[in-house]
Amino acid sequence: MTTMVPAEQRLVPDQAPTPAPESAPERSFRAARGAVAATDLPIAGLVPLSSVDWPGKLVATVFVQGCPWRCTYCHNTGLLDCRAPGTRMFDDVLQLLERRRGLLDGVIFSGGEATRHPALPAAIAAVRAAGFDVGLHTGGGFPKRLAEIAPQLSWVGFDVKGQPADYPSVVGVPEIMGQRAWLALEALLDARRTPTVEARMTVYPGSHTRATILECARRALDLGVDAFALQEARTADGSRPYRPENADPDWDFDELAADVQALADTRIIIRAAKD
């Protein structure tokens, strides 16, 4: 998942004492028996208050362990290992919500890739039962689970990695996964209860051609997303724009942003790394 501030600044645990988490084998054993519950969700970080993860909302952000993709600009590399156990208990989330009732608007599930976990639907149901709205950050790699939870979501930040042919170089997965991701976005927008959807695309010198970026923006807007955000990749510490070795010195994010903005002014969001 792309993030708007670096992991080092965001994966700050709430200060409530935490019991020892259940081991990965124990969770796997219970999942094999069909007893998947919210407590099975491997939580790697809990930010008690965020104003950037869901535009216009104050939320708690739950970072879920594990991601099958390897984005070049990933800030949360500590969350990539799909075999690693969580470090927080789901009860920590519920206790935080109770303490901050009246302050928080909702909860964002981020990652990693939260939709890869069978326990995510139960976790979402528990948050909604507590009286809070639920949002999600996702790359769309697990379309069936995304379709399952779509009616329970109020907002989705959907990471568009490029056209399907770009996914091997940008994300490290086969092109067919890019096709699945776009189908997942289409299905999300066709859901019985469609959440507000912001498609976002993170770019840096050499990541995509101008034509590809414009085509992705047009395609997402044509599918019916509420907004399309063009994001300039940041370095891991968030201090400056990300520039890979041998980056084109003439690459200009502002020029690219102006081209995207011209597509649909009121539905375009620009997030420059220098802002």
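The values are calculated or read from the model by the stated rules, or taken from the named source; none is laboratory data. Small disclaimer: the values here were computed from a predicted structure and weren't measured. Virtual Cβ from ideal backbone geometry, glycine too; neighbours counted across all protein chains shown. Only protein heavy atoms, including side chains, enter the accessible area calculation; ligands, DNA and RNA are left aside. Shrake-Rupley method; radii C 1.70, N 1.55, O 1.52, S 1.80 Å.
Reported to two decimal places, what Rg/Rh ratio describes the range 206-267 when computed on Cα atoms with Rh from the Kirkwood expression?
Working: Rg = 13.0 Å, Rh = 12.9 Å.
A ratio of 1.00.
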Radius 15 Å from Cβ of Asp265, net charge of other residues (Lys, Arg +1; Asp, Glu -1):
0
When Lys and Arg each count +1 and Asp and Glu each count -1, what net charge do the other residues less than 10 Å away from Leu256, Cβ to Cβ, add up to?
-4
Taking only Cα atoms of the range 161-221, radius of gyration then Dmax in Å:
12.1, 39
Toy charge model, Lys and Arg Cβ at +1, Asp and Glu Cβ at -1: the chain dipole around Cα centroid in debye, rounded to 20, equals 840
Cα-based convex hull, the chain, per residue volume (Å³, whole number)
126
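Considering only DSSP beta bridges whose two residues both sit in the chain, what percent are antiparallel, to the nearest 5?
20
P(r) tail for the range 91-194, what percent of Cα pairs lie past 18 Å? Walk me through the numbers before you get to the answer.
On the way: 2642 of 5356 pairs.
So the pairs more than 18 Å apart make up 49 percent of the total in the range 91-194.
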Length added when fully stretched, Arg100-Ala125, from 0.36 nm per residue minus Cα-Cα:
7.2 nm
Taking only protein heavy atoms into account and a 1.4 Å probe, give the accessible area per residue of the chain in Å².
44
What is the ratio of the Cα radius of gyration of the range 172-275 to 2.2 N^0.38 Å, with N the residue count, to two decimals?
1.14
Sorted largest first, extent of the range 69-146 alpha carbons per principal axis (Å):
38, 26, 21
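How about the range 149-254: which GluC sites (Glu not before Pro) there are in a DSSP loop, with at most 15 other Cβ atoms within 10 Å of their Cβ? Don't jump to the answer; show the numbers that get you there.
Numbers: sites: Glu175, Glu186, Glu198, Glu215, Glu232, Glu245; in loops: Glu245.
Those that pass, being in a loop and sparsely packed, are Glu245.
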For Asp259, put the label point 7 Å out on the Cα→Cβ axis and report which residues of the range 201-217 keep their amide N under 13 Å from it.
204-217
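With a 1.4 Å probe and every protein chain kept in, tell me what percent of the accessible surface of the chain is carbon plus sulfur.
Values: 6170 of 12000 Å².
The computed percentage sits at 51.
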For every helix of n ≥ 4 consecutive DSSP H residues, a contribution of -39,500 (n - 2.57) applies; sum these over the chain, divide by its total residues, and give [θ] at 222 nm rounded to the nearest 500 deg cm²/dmol.
-8500 deg cm²/dmol
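For the range 101-153, compute the orientation-averaged projected area of the C-alpha convex hull (one quarter of its surface), in nm².
Details: hull surface 14.0 nm².
Its average projected convex-hull area is 3.5 nm².
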